[in-house]
Amino acid sequence: MPPSPSSSSFEKAKEAMAMATSVAASMMLVRSLATELLPSEARTLIASCFAGVRSRLSWRYTITIEQNDGWYTNRVFSAARTYLATRLGASAGVRRLRLSGGIDDDFDDDKLVLGMDEGEDLVEDFQGAEFTWCLYAQEQPAGSGDHTKHMVTGRVRKLYLELSFHKKHKEKALKAYIPHVIATAKAIREKERPLTIWMNDGSDWEPMDLQHPSTFDTLAMDSDLKKSVIDDLDKFVRRKAYYKKIGKAWKRGYLLYGPPGTGKSSLIAAMANHLRFDIYDLELTGVDSNSQLRKLLVEMGNRSILVIEDIDCTMEIKKRKKKKKSADGDKKMKKLPRNRKPSDSKRDDDKVTLSGLLNFVDGLWSTCGEERLIVFTTNYKERLDPALLRPGRMDMHVHMGYCSREAFRILVRNYHDVEDHVTYPEIDELMAEVPVTPAQVAETLMRSEDPDVALRDLVDLLKSKKDGYNEDKEEEETDGDEDESSDDEEDKKKDDDS
């Protein structure tokens, strides 16, 4: 009776298993004999030869990225870990994750960090090429002064990453993929970096955490104007090469003007949060001289916003009056009062001046730093010196006006998460007749957590403002009529006298 197919397959499997066992035993015997008979130098030479042959026959390249590069932390390793943490959700191959996060008084879920566990592979496709990451750890003797060594074994665990890919993608890996990983990690860290607001104390800057929640999404501002500001900011930060090409300092000036309470300070905070720029809030009344001003401005960091609020109130930079020239054109020296010394005049000349500020805005000192925004705010644009307003100094003028229909709806969504309400038509009609600032609207909406009550309070506010506005208007008209009648009486009296 011939053997069945199943028994035949079983016999072949037994033979293959026996052959594999025999080969494995032979290899172990050869390795044991080589270890006993060959010196260590010969074994190392043979191993390196086999490794060289294997690498030449292999179709994959592997790049090793160690955690430490000698005494220093390998920044590429840190960047790769940051980058891979954002790719774990897209990779189904990673089964084991490592969860970490600092525990402190301010700890929350947003500070939890997921990472690859040791021995796990993460595969990513980039521009049609497949790249595989794997995290490993190895123990090695601790060096002197290494505080991370194990207290019992005296050894340290060093992490390293392996990046492998097909050898035909070597050029893409080195010139495109790895720079992409580093740039992405840099952007992630910049976004997560806490912002700082600096305030001047004499000739020094004092730092403080900036935790202003204002963003362009929550800013009560017309959409067209908001979009123009965002587009201008985004265009500025990506034009480093362009500014260098045309020979200009990489900076840009913004003038925010409008009535009090229209959101100028909130717009500055939204700009800082959008670009992840620190803010330097310069109080000019605390600066004693141009030299002190120069020191403060030179010490500013890059990727920052210099803010001077209410600039028309903080220094004498209003419209300058033209001085009449003498008939002969000679310049006359001013005489000092008898009770003053020349040193007093010198101290006056060393005060902060418009020319000293302008020299930093667009003079030689404007090149001491890059990727900076300069923001001035004022309630009265017409009071400012035209020299401060020209392009190159204040490049974009942003008018922050009274609350509009669109800005009002943004505020209601922010405070009460309401898209529509029965009071909207009445409020729109009242706001078209009565000027009201976004700050006044926001303060009224915050009085109650009930949107019906809050919006009804806003209607009452607008009606009361309308009544007062009409009364003021009537008084102005009455005063105007009285002035006209008095003028007519004076003219008639003059005619009678003549």
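The values are calculated or read from the model by the stated rules, or taken from the named source; none is laboratory data. Because the structure is predicted, anything quoted here is derived from the model rather than measured. Counting neighbours? That spans all protein chains shown, and the Cβs are built from the backbone with ideal geometry, glycine included. Just so you know, the surface numbers come from the protein's heavy atoms only, side chains and all, with ligands and any DNA or RNA stripped out. Shrake-Rupley method; radii C 1.70, N 1.55, O 1.52, S 1.80 Å.
Computed quantities for the displayed model
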{"item": "Some residue of the range 130-151 being at pLDDT 90 or above and open to solvent by 40 Å² or more (accessible area, probe 1.4 Å)", "result": "yes"}
{"item": "Number of positions in the range 246-280 that are more than 14 Å from Glu370 (Cα to Cα) and more than 16 Å from the chain's Cα centre (by Cα)", "result": "13"}
{"item": "Filter pass, Leu159 being of a type in the set (A, V, I, L, M, F, W, C), farther than 30 Å from Gln292 by Cβ, surrounded by 13 or more Cβ atoms within 10 Å (Cβ to Cβ) and modelled with pLDDT under 85", "result": "no"}
{"item": "Hits in the range 88-103 - residues which are farther than 13 Å from Gly115 by Cβ and at pLDDT 70 or above", "result": "Arg95"}
{"item": "Residue match in the range 441-451 (condition: modelled with pLDDT under 95, surrounded by fewer than 18 Cβ atoms within 10 Å (Cβ to Cβ) and on the phi > 0 side of the Ramachandran plot)", "result": "no"}
{"item": "Residue in the range 30-47 that is modelled with pLDDT under 75, over 30 Å from Ser164 (Cα atoms), open to solvent by 100 Å² or more (accessible area, probe 1.4 Å) and assigned to a helix (DSSP H, G or I) present", "result": "yes"}
{"item": "Answer residue from the range 66-87, given it is among the hydroxyl-bearing types (Ser, Thr, Tyr) and in a strand (DSSP E or B) and is modelled with the lowest pLDDT among those", "result": "Tyr72"}
{"item": "Cβ-Cβ under 9 Å pairs, at least 6 apart or on other chains, the range 378-398 side farther than 19 Å from Asp310 by Cβ, far side of a type in the set (D, E, K, R) and modelled with pLDDT under 90", "result": "Gly392/Lys248; Gly392/Asp362"}
{"item": "Checking Tyr61 against (1) surrounded by 12 or more Cβ atoms within 10 Å (Cβ to Cβ); (2) at pLDDT 75 or above; (3) not in a strand (DSSP E or B), the condition it does not meet", "result": "(3)"}
{"item": "Residue list for the range 300-314, restricted to those being part of a loop (DSSP other than H, G, I, E, B) and under 12 Å from Phe360 (Cβ atoms)", "result": "Met300"}
{"item": "Positions within the range 445-464 being out of contact with any helix residue (DSSP H, G or I) (no Cβ under 8 Å at 6 or more places or on another chain) and in a helix (DSSP H, G or I), in sequence order", "result": "Asp452, Val453, Arg456, Asp460, Ser464"}
{"item": "Residue under evaluation Ser228, criteria (1) of a type in the set (S, T, N, Q); (2) touching a helix residue (DSSP H, G or I) at 6+ places or on another chain (Cβ under 8 Å); (3) within 27 Å of Gly369 (Cβ to Cβ), criterion not met", "result": "(2)"}
{"item": "Some residue of the range 308-315 being among the hydroxyl-bearing types (Ser, Thr, Tyr) and modelled with pLDDT of 90 or more", "result": "no"}
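To keep it simple, each residue is scored yes or no on (1) more than 27 Å from Tyr415 (Cβ to Cβ); (2) in contact (Cβ under 8 Å) with a residue 24 or more places away in the chain; (3) exposed (fewer than 14 other Cβ atoms within 10 Å of the Cβ).
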| residue | (1), (2), (3) |
| --- | --- |
| Pro194 | no, no, yes |
| Glu206 | yes, no, yes |
| Met221 | no, yes, no |
| Asp224 | no, no, yes |
| Tyr242 | yes, no, yes |
| Thr262 | no, yes, no |
| His274 | no, yes, no |
